[in-house]
Structure formats: C-alpha cells, structure tokens
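Asker: If you scroll down you'll find the structure; I have some questions about it.
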Amino acid sequence: MDKKKLNLDLYKNLYLIRKSEEKIRKYYMEDEMKTPVHLSVGQEAIATGVVKALKDDDHILGTYRSHGIYLARTNETDKFFAELYGKNTGLAKGKAGSMHLFSPEHNFMGASAVVTTIVPVATGVALANKMKKNGKTVAVFFGDGALEEGGFWESINFASLKNLQIIFVCEDNGLAIHAHKKDRQSFKSITDIVSKFNFNTFKDDTTDVEKIYQLTNKAVMTMAKNKKPCFMHLKYYRYLEHVGINEDFEFGYRKKDEYEKWYDKDPITIQRSKLIKIGFNEDDIQKIEFNIDLQIENSIKLAKEAPFPPSEEICKDVYI
C-alpha cells in the first residue's frame with residue numbers, strides 16, 4: 001500500500017477510536033448508557049495497527065476492552081453507540097452492551113467479559129479454519145492479566161501442537177485492574193517462555209501505529225512461511241481507570257508522572273505529526289477530523305433518539 005494512504009488510513013482509525021471514547025466520557029455521566037465501559041484511551045495504536053495488517057476476511061476476537069478493535073475493523077459508529085445506549089438499533093439490540101461487541105459480517109467474532117475466556121474460543125476458531133482449509137488468520141486480543149490463567153497456557157499449547165494460523169496479541173499495560181505485574185508474575189519474559197512452545201514471538205513497546213502495522217505484517221508473513229502460530233507482546237499505558245471514565249491516580253497504585261511519560265509519546269500525536277512530515281497539510285487533516293467528529297455526533301444523536309427494544313426481545317438470540 002502507498003505510504004501516504006496507509007498512514008492516513010491509520011490516522012483516521014486512531015482518531016475515530018479516540019474521539020468516540022472521548023464522547024463516551026462526555027455523555028456517560030448523563031446515565032443513559034446502561035453499560036459498564038472499559039476505555040482504551042492510550043492503546044489505540046495496537047488495535048489499529050494489528051487490524052489494518054490483517055485481511056478483511058481474517059477473524060478477530062477480543063476482551064471487554066474492545067471498542068478500539070470493533071471500530072478499527074468496522075469504521076461504523078451507528079450500531080456501536082446504539083448498543084451502548086441499549087437501543088433496538090444496536091448491534092445486539094442492547095443485549096451486548098460495551099463488553100460483548102461483535103460484528104460477524106466484518107469477521108469480528110466477538111468479545112468476552114471474563115479474563116482469558118476469549119483465548120480458547122479464538123483457538124477453536126483457528127482450528128475450524130484449519131479443518132476448512134480456508135487460509136484465514138485469527139487474531140485474539142487480551143491483556144497481560146490473562147497470562148496467569150490456565151486457559152491461556154492450554155490454548156498456546158494446543159495452537160502449537162496443531163500449528164494453527166493464529167496470532168495471540170497481548171496488550172500489556174502491566175496491570176490486572178490494580179495489581180502490578182511484579183506482584184503477579186514470577187517470570188521475566190513471556191516471549192521467551194512462549195517461544196519454547198514452537199511459536200514465532202514478537203515484542204515491542206512502541207506507540208507508533210505504523211510500526212505495529214509493520215510488525216504484524218512480519219508476523220503474518222513469518223507464520224505463512226514456517227506454519228507456526230504467533231505471539232505478539234505489545235506494551236501500552238491506559239490513561240484512565242480499569243472500568244469507567246475517570247483518572248485514578250489518587251488511589252496510589254500508579255503515579256501521574258508515569259502517565260506523563262507515556263503521554264509524551266501519545267499515538268494520536270505521533271501519527272498526526274507524521275502526516276504533516278509526509279506531505280499532508282493542516283487544512284486537509286482538520287477536514288478529515290471534522291468529518292469524523294460529525295459522524296460520531298450524528299451516531300450519538302441517532303442512538304439517543306432510537307427506541308428501546310420491546311420486552312419480548314429480552315430472551316431472543318440468548319441461550320438460557
């Protein structure tokens with residue numbers, strides 16, 4: 001892909017995710033969004049870079065913090081915001097809320113609200129793809145808290161044993177809610193351990209979305225050559241609390257200066273500056289931003305005006 005077009009597309013995705021979540025922060029206090037929200041402000045480069053490197057028919061799965069993954073894959077906001085507002089026009093008619101987003105028509109196969117539980121599901125999708133011989137790649141996103149769960153280790157063992165075409169994407173912010181990695185993990189390098197399972201492993205702490213895109217491309221190409229599954233260990237810093245819309249530095253488990261260090265390399269700022277350097281002018285960028293802002297505001301307006309689902313919908317499409 002042309003470098004200018006690639007970087008513009010990456011910026012559009014980053015901006016869409018960041019501004020969508022900023023609007024969630026703005027309107028959440030009105031108490032009309034009847035769902036918990038786990039915001040991904042600060043980690044947009046991972047979802048954007050990985051998803052952009054995959055083919056449209058590749059499968060994606062994620063955790064409860066999946067706004068960025070959903071928006072990077074679909075670029076749509078009408079169903080997204082309607083779902084947060086619990087409306088009949090939402091992607092699951094209000095049943096999924098923020099934590100169970102999905103879009104099968106875009107091959108985003110779903111998200112789970114319980115730590116690690118999406119990892120074995122994704123491994124099963126990869127096995128199904130192998131049995132069907134359809135050549136599709138699976139990418140599954142999860143936090144570093146999942147590394148302490150048995151389902152993770154069972155999944156990488158099985159993926160390695162069966163040589164599945166799957167990328168395990170660990171979005172590592174060093175925290176499991178409030179618990180630091182040093183209090184949870186005795187191992188020093190997760191990539192060293194996973195490499196013993198006949199895996200291709202990749203790691204980076206960059207916030208440059210283009211670098212993550214290129215790293216994912218490398219993972220896909222390497223997997224195609226040697227038929228081994230991939231593990232990507234990517235670091236980031238979430239700007240806000242684990243669940244909710246606020247900062248949480250007053251609780252003492254992390255410090256404001258840590259946030260400031262990461263904010264100095266904010267993914268949105270980096271990518272916007274890059275656009276200027278490669279030849280885009282400020283007016284063009286502002287027009288793009290304006291159109292995305294307009295899209296988001298219109299989606300929120302539609303969501304607020306949409307009807308709630310009728311009571312008979314409550315048990316439809318639900319296993320009980």
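The values are calculated or read from the model by the stated rules, or taken from the named source; none is laboratory data. On a predicted model such as this, the values are computed, not experimentally measured, just so you know. Backbone-built Cβ (ideal geometry, glycine too); neighbour counts: all protein chains shown.
Asker: How many of the residues making up the range 278-320 are part of a helix (DSSP H, G or I), among the small types (Gly, Ala, Ser) and in contact with a Ser or Thr (Cβ under 9 Å, 6 or more places away or on another chain)?
Answerer: Result for the range 278-320: 2.
Asker: Do you know which residues across the range 175-204 are outside any helix (DSSP H, G or I) and either of a type in the set (A, V, I, L, M, F, W, C) or crowded, with 19+ Cβ neighbours inside 10 Å (or both)?
Answerer: Hits for the range 175-204 are LEU175, ALA176, ILE177, ALA179, PHE187, PHE197, PHE199, ASN200, THR201, PHE202.
To keep it simple, each residue is scored yes or no on (1) exposed (fewer than 10 other Cβ atoms within 10 Å of the Cβ); (2) modelled with pLDDT under 95; (3) closer than 17 Å to LEU14 by Cα.
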| position | (1), (2), (3) |
| --- | --- |
| GLY252 | yes, yes, no |
| ASP266 | no, no, yes |
| ILE276 | no, no, yes |
| ALA303 | no, no, no |
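Asker: OK, next. Would you call GLY124 outside any loop (DSSP other than H, G, I, E, B), out of contact with any helix residue (DSSP H, G or I) (no Cβ under 6 Å at 6 or more places or on another chain) and either at pLDDT below 95 or over 24 Å from LYS19 (Cα atoms) (or both)?
Answerer: So GLY124 fits the description; yes.
Asker: Moving on. Can you pull out the residues in the range 265-302 that are under 26 Å from PHE81 (Cα atoms), touching a residue at least 40 places away in the same chain (Cβ under 8 Å) and either touching a Gly at 6+ places or on another chain (Cβ under 8 Å) or of a type in the set (Phe, Trp, Tyr) (or both)?
Answerer: Hits for the range 265-302 are ASP266, PRO267.
Asker: Considering only residues of the range 77-113 that are without any contact (Cβ under 8 Å) to a residue 40 or more places away in the chain and farther than 16 Å from PHE308 by Cβ, which is surrounded by the most Cβ atoms within 10 Å (Cβ to Cβ)?
Answerer: By that ranking, first place goes to LEU101.
Asker: I'd like the residue in the range 155-174 that is closer than 10 Å to GLY145 by Cα and within 16 Å of the chain's Cα centre (by Cα) and, out of all such residues, is surrounded by the fewest Cβ atoms within 10 Å (Cβ to Cβ).
Answerer: Initially, the range 155-174 is screened for residues closer than 10 Å to GLY145 by Cα, giving 170-174.
Those left that are additionally within 16 Å of the chain's Cα centre (by Cα): 170-173.
On the way: CYS170: 23, GLU171: 25, ASP172: 22, ASN173: 20.
Among those residues, the one meeting the criterion is ASN173.
Asker: So, in the range 227-250, how many residues would count as being closer than 26 Å to VAL119 by Cβ and loosely packed, with under 14 Cβ neighbours inside 10 Å?
Answerer: Just the residues of the range 227-250 that are closer than 26 Å to VAL119 by Cβ, to begin with: 227-244.
Next, only the ones that are loosely packed, with under 14 Cβ neighbours inside 10 Å stay: 227.
The number of residues fulfilling the criteria is 1.
Asker: Please work out which residue is nearest to ASP58 (Cα to Cα), limiting yourself to the range 119-150 and to residues that are surrounded by 18 or more Cβ atoms within 10 Å (Cβ to Cβ) and small (Gly, Ala, Ser).
Answerer: ALA139
Asker: Looking at the range 55-92, which of its residues are more than 16 Å from the chain's Cα centre (by Cα), aromatic (Phe, Trp, Tyr) and part of a helix (DSSP H, G or I)?
Answerer: PHE81
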